[in-house]
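Participant: Encoded as structure tokens, here's the structure I'll be asking about.
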Amino acid sequence: MDKTTNNQLESVKHPALSEDNHEVFPPETSIPDAPVDNRPSWDEYFMQICHLVASRTTCLRRAVGAVIVKDHRILATGYNGVPKGIEHCLTRGCLRTELGIPSGEHQELCRGVHAEENAIIQAARYGISIEGATCYVTTQPCVMCSKSLINAGIREIVFAASYPDKLTQDMLDEAKIVTRRYTLEK
């Protein structure tokens, strides 16, 4: 080290020491409390993002958003809506409503792609491995999406709203996929 650099280092004082190198906070005095960490938990953070992603939907029946995460990093997102280049249900109307199909039945009779499927497709399209990841989703996956999530290697699914489908839960349990219902933390 040259003499100038050495002098600069000597002039740097530790913030907890006074000018005469005595502790600013003597041992009998406690250091002020650190500020409270008001950041959202990881679950809350990713679920909030799911709801934002869901706001992009063009579905007239249900807004669903999915976020695939690994090691607290977002790998892919998806929302429910028609495939690329297809007229949106917002302008064309809902095929399921036109045909009188109740929610949860005949999912193949829909012009839309589900949020979880779109997130998986987005990851595949850009060459992103999602094996071992967690899928956060605003609504519990249907049986079709659950099968795709199982085959994609998702290890955990965190959902906000339930979508009662016994076959879905049976398959996820058999595949040893962890499922958790997220409830807003207060």
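Participant: Can you pull out the chymotrypsin sites (Phe, Trp or Tyr not before Pro) in region 95-186 whose DSSP state is coil and whose Cβ has at most 16 other Cβ atoms within 10 Å?
Facilitator: Tyr126
Participant: Between Thr97 and Asp33, with labels modelled 7 Å along Cα→Cβ, what's the label distance in nm to one decimal, could you check?
Facilitator: The answer from the label model is 5.2 nm.
Participant: 7 Å from Cα along Cα→Cβ at both His72 and Ser129: what's the point-to-point distance in nm?
Facilitator: Going by the 7 Å Cα→Cβ label model, 2.2 nm.
Participant: Kindly list the residues of region 145-161 that lie in the label zone of Arg180, defined by a backbone N under 18 Å from the point 7 Å along the Cα-to-C-beta vector.
Facilitator: Counting only backbone N, you get 154-161.
Participant: So what does Glu156 come to for accessible area, using a 1.4 Å probe and Å² rounded to 10?
Facilitator: 20
Participant: Further, regarding this structure: Mind grabbing the accessible area of His114 for me, 1.4 Å probe, Å², rounded to tens?
Facilitator: 50
Participant: Here's another thing I want to ask about it. What's the carbon and sulfur percent of region 124-186's accessible surface, probe 1.4 angstrom, rounded to a whole number?
Facilitator: 53
Participant: By accessible area of protein heavy atoms, probe 1.4 Å, what ranking do Glu116, Glu174, Glu131 get, highest first?
Facilitator: Glu174, Glu131, Glu116
Participant: Leu60 versus Asp165, label points 7 Å from Cα toward the beta carbon: distance in nm?
Facilitator: Using points 7 Å along Cα→Cβ, the separation is 2.2 nm.
The values are calculated or read from the model by the stated rules, or taken from the named source; none is laboratory data. The structure presented is a predicted model; accordingly, all values stated were derived computationally and were not measured. Cβ atoms come from the backbone with ideal geometry, glycine included; neighbour counts cover every protein chain shown. SASA here: full protein model, heavy atoms, side chains in, ligands and nucleic acids out. Shrake-Rupley method; radii C 1.70, N 1.55, O 1.52, S 1.80 Å.
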